[in-house]
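Peer 1: Please read through the structure below; I'll follow up with questions.
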Amino acid sequence: MIDALVAPFLEFGFMRRALVGCLALSFSAPPVGVFLMLRRMSLMSEAMSHAILPGAAAGFLVAGLSLPAMTLGGLAAGLTVALLAGLVTRSTQLKEDASLAAFYLISLAAGVLLVSLRGSQIDLLHILFGTVLALDDAALLLLGGIATVTLFALAALYRPLVMECVDPLFLRTVSRAGGPVHFAFLALVVMNLVGGFQALGTLLAVGLMLLPAITARFWARDLSGLIPASMLVSTLASLTGLSLSYHADLPTGPAIVLSAGALYLASMLVGPRGGLLYRLVRPRHLEA
Amino acid sequence: MTMPRPGAIGLRGLTLGYDRHPAVHHLDGTIPAGDLLALVGPNGAGKSTLLKGIVGEIPALDGRIERSGEAIAYLPQADEIDRTFPLSVLDLASMGLWRRLGPWRSLLGRRSEVVAALRAVGLDGFEDRPIGTLSGGQFQRALFARLILQDARVILLDEPFTGIDARTTGDLVALIRGWHAEGRTIVAALHDFGQVRAHFPSTLLLAREPVAWGPTRTVLTPANLARATRISEAWDENAAICARDHAGHAHAAAEDHAQDHAHDHAHDHAHSHHHQHDHAPHRYAEHGTVHAPPHRHGDAA
């Protein structure tokens with residue numbers, strides 16, 4: 001069992017690279033997902049992952065399958081959409097979900113248009129489903145860099161970010177940090193999605209961000225438990241997914257996300273914080 | 001622009017509203033430093049709007065608010081707090097330390113201070129409870145603990161006792177009186193006239209327009225309250241542009257006397273109605289008698 005789990009990583013360099021890349025992503029994307037979930041912006045990351053597409057496609061059109069070009073393009077497109085949506089939200093009556101929906105749809109349509117201008121169906125699949133088994137040094141450095149920046153940024157923004165989540169009105173009356181903190185957080189979302197699309201593809205990049213975060217909700221009560229729990233779930237999902245894809249010859253990205261999905265379903269059943277099984281038994285109530 | 005004393009708030013021809021429709025119309029006067037002012041008026045009178053304007057949540061349509069720029073602590077009526085967020089009561093109250101600690105300085109050495117604030121509002125032993133498990137009254141107590149930690153010179157409270165039981169209200173009123181004794185400026189929007197009469201030395205009666213402003217017993221007269229109810233709450237879609245003078249012209253000379261003026265005027269009526277309002281404190285219109293209109297600064301222009 002252990003052998004089957006470890007052997008492919010010992011044997012093949014590309015498996016080790018995939019593992020390192022996924023681990024880096026497992027330490028940066030899930031904490032961001034925890035905040036997204038707590039702010040009820042879970043679906044917003046799905047929208048953002050679509051918004052990245054035209055930038056990546058433009059990079060692909062200009063430079064072919066080049067990591068820096070596609071990454072820069074994706075970052076630029078994602079940040080533009082996040083910034084525009086944020087500006088519209090703060091200066092008009094539109095709520096954030098509505099303004100984001102408007103911009104991501106425009107962005108997605110532009111992306112599909114760009115891809116169809118030159119690429120074939122295969123190119124599109126490549127962008128959508130990632131290249132986790134072909135991570136080169138540059139891609140690993142990028143994933144590691146994103147993880148480092150994300151963890152440091154979250155540490156620096158932690159207090160105002162929590163306040164902005166819990167009581168934005170209070171933060172507005174004591175500080176002007178609310179706006180910048182919100183934009184910085186959106187930038188972290190975009191960065192991690194771009195990182196994720198290297199490993200898993202745009203459509204599944206959201207998976208490692210949200211599924212571990214949502215799963216952690218069944219195991220931990222507060223942020224100090226949620227964030228480590230989400231990292232752990234993500235790490236487990238990466239390991240299982242990579243092994244499964246090796247042994248059963250499955251596509252890697254979906255295998256990882258489905259592993260995270262399986263962990264989510266299991267946690268929903270047996271998780272100690274509101275898991276379904278715990279609802280079935282009715283424990284004796286307390287004195288006070 | 002003159003800077004008022006720290007803790008004082010000057011309102012100069014202030015009009016606040018939404019989408020050009022005024023909710024507070026041509027308000028002039030000064031809330032002196034150290035005042036304990038009750039903000040009274042029917043629903044839709046502009047009480048919350050005025051507090052939002054002072055704290056800077058909404059911009060003025062006309063006129064201006066003069067403050068010396070010190071911190072304001074504000075307890076809104078409809079807070080935007082996400083009570084499902086997994087946060088402890090201790091953490092919620094600790095937010096009040098933001099001005100002193102900012103985003104990075106450690107909370108570790110402050111725990112005793114936060115615990116003391118929680119004890120002051122009767123939330124001993126609630127430190128580690130998630131905020132989602134608190135009842136309405138307990139939550140309001142926690143927000144008052146946060147106000148204590150904010151240690152602000154100016155404190156604005158928007159209907160702080162709505163839906164709160166008598167015991168909690170009593171505790172929190174005692175806290176407010178303590179702040180008053182410390183010389184802080186406190187403005188509270190309230191609906192309970194008995195409470196206002198018992199604890200608040202001065203009152204501003206609003207009905208979109210200021211109806212009366214001065215010592216509480218001279219403001220809360222049946223005549224004033226009847227006037228306040230009569231002023232329409234209606235929102236006229238086709239209202240004409242207000243032709244009244246803009247702030248800072250005709251008002252400039254008289255505005256600093258706004259409050260004294262209100263006092264003088266109110267004394268005329270105070271004694272004859274004392275009896276009535278003691279017995280019918282919860283109705284705006286005691287009887288139909290119409291008195292001479294009380295002082296309204298806007299009319300002077």
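Peer 1: Work out Dmax and Rg for the protein assembly as shown from the C-alpha atoms and quote the Rg first, both in angstrom.
Peer 2: Both quantities, over Cα of the protein assembly as shown: 29.8, 99 Å.
Peer 1: Taking amide H atoms as placed 1.01 Å from N in the peptide plane, list the residues 5 or more away in sequence, or in a different chain, whose amide H sits under 5 Å from that of B:Glu66.
Peer 2: Distant-sequence amide H within range of B:Glu66: B:Gly10, B:Leu11, B:Arg12.
Peer 1: If you look at just the Cα atoms of segment B:74-189, how large are its Rg and its Dmax in Å?
Peer 2: 13.5, 39
Peer 1: Can you list the residues of segment A:144-170 whose accessible area drops by at least 10 Å² going from the chain on its own to the full set of protein chains, with a 1.4 Å probe?
Peer 2: A:Ala156, A:Arg159, A:Pro160, A:Val162, A:Met163, A:Cys165, A:Val166, A:Asp167, A:Pro168, A:Leu169, A:Phe170
Peer 1: What's the longest uninterrupted piece of chain A once you rule out the trypsin sites (Lys or Arg not before Pro) that are loop residues per DSSP with at most 12 other Cβ within 10 Å?
Peer 2: Between the exposed loop sites, the longest stretch runs A:177-283.
Peer 1: Of A:Ala187, A:Gly261, B:Leu92, which is farthest along the charge dipole of the protein assembly as shown in the positive direction, counting Lys and Arg as +1 and Asp and Glu as -1 at C-beta?
Peer 2: The residue sitting farthest along the positive end of the dipole is A:Gly261.
Peer 1: Okay, next question. Accessible area per residue of segment A:2-280 at 1.4 Å probe, in Å²?
Peer 2: I get 43 Å² per residue for segment A:2-280.
Peer 1: Next question, about the same structure. One-quarter of the Cα convex hull surface for segment A:206-246, in nm²? List each step's numbers first, then the result.
Peer 2: Numbers: hull surface 10.8 nm².
Mean shadow area of the hull around the Cα atoms is 2.7 nm².
Peer 1: Give, rounded to the nearest 20 debye, the magnitude of the charge dipole that the protein assembly as shown has about its Cα centre when Lys and Arg contribute +1 at Cβ and Asp and Glu contribute -1 at Cβ.
Peer 2: That gives a dipole near 820 debye.
Peer 1: Considering amide H positions built from the backbone, and no H for Pro or chain starts, which residues 5 or more places from B:Val211, or on another chain, come under 5 Å of its amide H?
Peer 2: Distant-sequence amide H within range of B:Val211: B:Leu205, B:Leu206.
Peer 1: Under a Cβ-only charge scheme (Lys and Arg +1, Asp and Glu -1), can you give me the dipole magnitude of chain A about the Cα centre, in debye to the nearest 20?
Peer 2: Magnitude of the dipole: close to 860 debye.
Peer 1: Strictly greater than 23 Å: what percent of every Cα pair in chain A meets that? List each step's numbers first, then the result.
Peer 2: Details: 22869 of 41328 pairs.
When all Cα pairs of chain A are counted, 55 percent exceed 23 Å.
Peer 1: Where nothing but the Cβ of Lys and Arg (+1) and of Asp and Glu (-1) is charged, how large is the charge dipole of segment B:74-189 around its Cα centre, in debye to the nearest 20?
Peer 2: With Lys and Arg at +1 and Asp and Glu at -1, about 400 debye.
Peer 1: Identify the residues of segment A:215-250 with backbone N under 13 Å of a label point that sits 7 angstrom from the Cα of A:Leu151 along the Cα-to-Cβ direction, or state none.
Peer 2: Residues A:228, A:231-232 fall inside that zone.
Peer 1: Charges on Cβ only, +1 for Lys and Arg, -1 for Asp and Glu, centred on the Cα centroid of segment A:2-280; of A:Tyr158, A:Ala134, A:Ala109, which one is farthest towards the dipole's positive end?
Peer 2: Positive-end residue among those listed: A:Tyr158.
Peer 1: Continuing with the same structure: Through the Karplus equation 6.51 cos²θ - 1.76 cosθ + 1.60, θ set to phi - 60°, convert the phi angles of segment B:27-41 into ³J(HN,Hα) values in whole Hz; use x for Gly and Pro.
Peer 2: 9, 10, x, 10, 8, x, 4, x, 6, 10, 9, 8, 10, 10, x
Peer 1: Filter the DSSP H helices in chain A by two things, a Kyte-Doolittle mean of at least 1.0 and an axial alpha-carbon span of 20 angstrom or more, and list the hits by number.
Peer 2: Length and hydropathy pass: A:13-38, A:67-91, A:96-118, A:137-166, A:178-199, A:202-216, A:223-247, A:252-270.
Peer 1: Still on this structure: Summarise the accessible area of segment B:1-136 (1.4 Å probe, protein heavy atoms) by the percent that is carbon and sulfur.
Peer 2: 52 percent
The values are calculated or read from the model by the stated rules, or taken from the named source; none is laboratory data. Since this is a predicted model, take the numbers as computed values, not measurements. Heads up, the Cβs are rebuilt from the backbone with ideal geometry, glycines too, and the neighbour counts pull from every protein chain shown. Calculation scope for accessible area: heavy atoms of the full protein, side chains included, ligands and nucleic acids excluded. Shrake-Rupley method; radii C 1.70, N 1.55, O 1.52, S 1.80 Å.
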